[in-house]
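These notes are about the structure you will find just below.
Every read-out reported here was derived from the displayed coordinates using simple, explicitly stated rules and does not represent laboratory data. Keep in mind that this is a model prediction, so the values were computed, not measured. Cβ atoms come from the backbone with ideal geometry, glycine included; neighbour counts cover every protein chain shown.
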Amino acid sequence: LISSDAQSLAWDDSCHVASLISHAWSLPRGGYLRGPESVAFDRESRGPYSGVSDGRVLKWNGDKIGWTTYAYGPDYSSEKCTASRLHPETVTESRCGRSLGLQFHHKSENLYIADAYKGLMRVGLGGGEATVWANEADGASLRFTNGVDVDQITGQVYFTDSSMNYRDAPRGRVYWPVQATTALDQRARPGKTEPFADLPRYPDKVRQDKRGGYWVALHREKNELPFGFDSHLLAVRVGPNEEVLEQMRGPKSVRPTEIMERGNGKYYMGSVELPYVGVVTHK
């Protein structure tokens, strides 16, 4: 269902501050589902698709149908993977998986899934059970596969592993700076890493904005205080020359993991904690 989200957000592009209208595409109520961390759209702009806390990837089919199952990993079972108050997802994740990053290759219509436990997975057109495509790199097991991106021209797949030591469970995410989606920058030198932007908060996923820049979701403050104004940075848009072009602000109860710009002033917000995909309209 689409329901109004009463939480107020503000937009700051250094020129003006405008109100945002926010809606929420709520996840199915059964099974304590939460955490649609990443969103993706297929070649025909259908969706969004998003991974949730029981290991599945769901597809939004419009108001009448709502969310349906699109894909799932090996060993998924609705009976064993459905979380409840006495059987939370922290117990089921290691078996059922946790999809944290999604990206389609539009030519083949394959969906690539970065799963925190199972590694990099791939599922073909129509969905169903995904195949584990990679679960190690350079001889080392992937411990926390987090983000994925696809070069739509070459078909090359880029993904990140956010930890060499820790799994996602049992205490939730590992909170240190991760750039969980690789932005395809033609200026980057092979085999080299270099700072791109110095940000005031810990970043999560990076998405291209189709205007030459990048939206960076800011998941957590570096020095967070339990008091003060109930407002913080949710995301920034960074230009190709590393300058901050726009800022999105909102209440501290909202901690985005991804901001995707889709045109027509619409922005899709993923979160590892909330039970909905946020749809933000910039007026």
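Cross-link partners among lysines for LYS222, C-alpha distance below 17 Å, same-chain residues fewer than 8 apart left out?
LYS205, LYS252
Given labels modelled 7 Å from the Cα in the Cβ direction, how far is it in nm from SER231 to ARG95?
Here the modelled spin labels are 4.7 nm apart.
Mind listing the phi-derived Karplus ³J(HN,Hα) values for segment 106-120, rounded to whole Hz, using 6.51, -1.76 and 1.60 with θ = phi - 60°, and x for any glycine or proline?
So the Karplus estimates, Gly and Pro as x, are 5, 5, 8, 6, 6, 9, 9, 10, 8, 10, 4, 9, 9, x, 8 Hz.
Please list 3J(HN,Hα) in residue order for segment 91-104, calculated via the Karplus relation 6.51 cos²θ - 1.76 cosθ + 1.60 where θ = phi - 60°; whole Hz, with x for glycine and proline.
7, 8, 4, 5, 8, 8, x, 8, 6, 10, x, 9, 7, 8
In whole Hz, with x marking every Gly and Pro, tabulate ³J(HN,Hα) for segment 58-64 from phi via Karplus 6.51 cos²θ - 1.76 cosθ + 1.60, θ = phi - 60°.
Once θ is set to phi - 60°, the couplings for segment 58-64 become 9, 10, 7, 10, x, 4, 5 Hz.
Taking other Cβ within 10 Å of each residue's Cβ, how do GLU136, GLU79 sort, fewest first?
Exposure proxy ranking, most exposed first: GLU79, GLU136.
Could you let me know the centre-to-centre spacing of segment 132-150 and segment 82-102, using Cα atoms, in angstrom?
19 Å
Which order do peptides 150-159, 37-46 fall in by mean Cβ count within 10 Å, highest first?
The packing order, highest mean first, is 37-46, 150-159.
Using 0.36 nm per residue, how much length does the chain from GLU221 to THR131 gain when fully extended, once their Cα-Cα distance is taken away? Walk me through the numbers before you get to the answer.
Numbers: separation 90, 0.36 × 90 = 32.40 nm, distance 3.61 nm.
Result for the pair: 28.8 nm of gain on full extension.
What aspartates and glutamates sit close enough to LYS80 to cross-link, taking a C-alpha to C-alpha distance under 12 Å and skipping anything fewer than 8 places away on the same chain?
ASP54, GLU89, GLU93
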